[in-house]
1. For the chain, max minus min Cα coordinate along each principal axis, in Å, sorted largest first?
2. How much accessible surface does PHE62 have with a 1.4 Å probe, in Å² rounded to 10?
3. Of all the stretches in the chain, which is the longest one without any exposed loop site, taking trypsin sites (Lys or Arg not before Pro) in a DSSP loop (any state but H, G, I, E, B) with at most 13 other Cβ atoms within 10 Å?
4. Go ahead and collect, in residue order, the members of segment 23-46 whose backbone nitrogen is under 18 Å from a label point 7 Å along the Cα-Cβ direction of ARG73.
5. Leaving out ligands, DNA and RNA, what percent of the accessible area of the chain is carbon and sulfur, probe 1.4 Å?
6. Rounded to the nearest 10 Å², what accessible area does TYR82 show when all protein chains are kept and the probe is 1.4 Å?
7. Working with all protein chains in place, sort ASP41, ASP19 by solvent-accessible area computed with a 1.4 Å probe, largest first.
8. I want to check the label-to-label distance for MET87 and GLU55. Put each point 7 Å from Cα in the C-beta direction and report it in nm to one decimal.
Amino acid sequence: MGDRMEYINQAINAIEAQDDTRVVHVSSLIETKPYGGVVQDDFLNGCIAIDTLKEPEELLDFLMDVEAQAGPRTLDLDILMYDDLVMNERRLTIPHKEMHKRLFVLEPLEEIAPYLMHPLLGQTITQLKEKIKEEQ
């Protein structure tokens, strides 16, 4: 909703502004239809790779604050992976439990990290993307 590019740029700038976090790679953005039957404008999807000293829960809290500052329904910032960490807590599951099923996640992620290995599935991002494409 609203100026989608501006919200995305503001989020990237907020992440980069953190003393303990650095943006390493930013993917291209792809436009997709809303996921899950939501009736609204098309989404812009992309991925960024960061280096951070924040612990996963601390990073989640920070990203939720960035979302809140942007306003309702304008940003959805998810932690897809955190090194090769596997965790399943009430507030946070890493790797993201649906990422391997979503082409709109895997396509931009492949652009910046094609050989990143999913720690539970034992496949690279490229392999996961190809698997979805074969199933379509």
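The values are calculated or read from the model by the stated rules, or taken from the named source; none is laboratory data. Since the model is a prediction, treat every value here as computed from it, not as a measurement. All Cβ positions, even for glycine, are placed from backbone atoms using ideal geometry, and neighbour counts span all protein chains on display. SASA here: full protein model, heavy atoms, side chains in, ligands and nucleic acids out. Shrake-Rupley method; radii C 1.70, N 1.55, O 1.52, S 1.80 Å.
1. The Cα atoms of the chain stretch 38, 36, 29 Å along their principal axes.
2. 30 Å²
3. Segment 1-72 is the longest.
4. Residues 32-45 fall inside that zone.
5. 49 percent
6. So the heavy atoms of TYR82 present about 40 Å² to solvent.
7. The residues order as ASP19, ASP41, largest area first.
8. Roughly 0.7 nm, to one decimal.
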